[in-house]
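Undergrad: One structure follows; several queries about it will come next.
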Amino acid sequence: MATKQRPLPVAALAFALALLLAAIAFAPAASADPASYPRVSVKGEVGFDYGGSTAATAFEARAIGPAAPGEEHQPAKGSLQLEIQNGLAFTASVEHIHAHSATEVHFGGPITKSNDPSLVGKFVHCVAIDGSPDQFSLMITDAGVHEHGAPAPVLWGKIKVRT
């Protein structure tokens, strides 16, 4: 019994078509294109009042995609480091960001490292306002609880919001 062989051009065309389909299937979604979603970002290094103690924080966060349907916050990448005069220190991984206006951004994510182990896994939620004066707030909540504190004027430093 003889097997029928396909002519080379048909096999090459089938192979090229398979490569094209694979490239389309594994290509990043159009929504990952920064032009297809708001390019929200914030960074700063500021001092602020945190419950009667002076706190210093450095942070940087940027949107990495569009908000999910029904959500306001966009996925984000970034980090926040905090030190409070009373000795508390922690680092958080920023996972979400939301521009409330051209000068106000809400952002936050889980605390990943702290000198107080009970904080690891809790969430930090921040409000940063690029204005005169700049304002900032930080609130720690349990995972899944989303709240923000009232922003207060920063004591020193600068916030830069981009929307």
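Undergrad: Is it fair to say Lys113 is in a strand (DSSP E or B) and in contact with a Lys or Arg (Cβ under 7 Å, 6 or more places away or on another chain)?
TA: Criteria not met by Lys113.
Undergrad: Got at least one residue in region 82-99 being more than 16 Å from the chain's Cα centre (by Cα), modelled with pLDDT of 95 or more, crowded, with 19+ Cβ neighbours inside 10 Å and within 18 Å of Lys43 (Cα to Cα)?
TA: yes
So that you can scan it fast, the table gives a plain yes or no per residue for (1) touching a Gly at 6+ places or on another chain (Cβ under 9 Å); (2) closer than 23 Å to Pro38 by Cα; (3) part of a strand (DSSP E or B):
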residue	(1), (2), (3)
Gly121	no, no, no
Val124	yes, yes, yes
Ser132	no, no, no
Ile140	no, no, yes
Val145	no, no, no
His148	yes, yes, no
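Undergrad: Considering only residues of region 52-75 that are in contact with a strand residue (DSSP E or B) (Cβ under 8 Å, 6 or more places away or on another chain), closer than 20 Å to Ser137 by Cα and assigned to a loop (DSSP other than H, G, I, E, B), which is modelled with the highest pLDDT?
TA: His73
Undergrad: Tell me, yes or no, whether region 11-29 has at least one residue that is outside any loop (DSSP other than H, G, I, E, B) and modelled with pLDDT of 90 or more.
TA: No, there is no match, as no residue in region 11-29 is outside any loop (DSSP other than H, G, I, E, B) and modelled with pLDDT of 90 or more.
Undergrad: OK, next. If Ile111 satisfies all but one of (1) modelled with pLDDT under 95; (2) over 15 Å from Val42 (Cβ atoms), what's the number of the condition it fails?
TA: Every listed condition holds for Ile111 apart from (1).
The values are calculated or read from the model by the stated rules, or taken from the named source; none is laboratory data. Remember, predicted model here, so these are calculated numbers, not experimental data. All Cβ positions, even for glycine, are placed from backbone atoms using ideal geometry, and neighbour counts span all protein chains on display.
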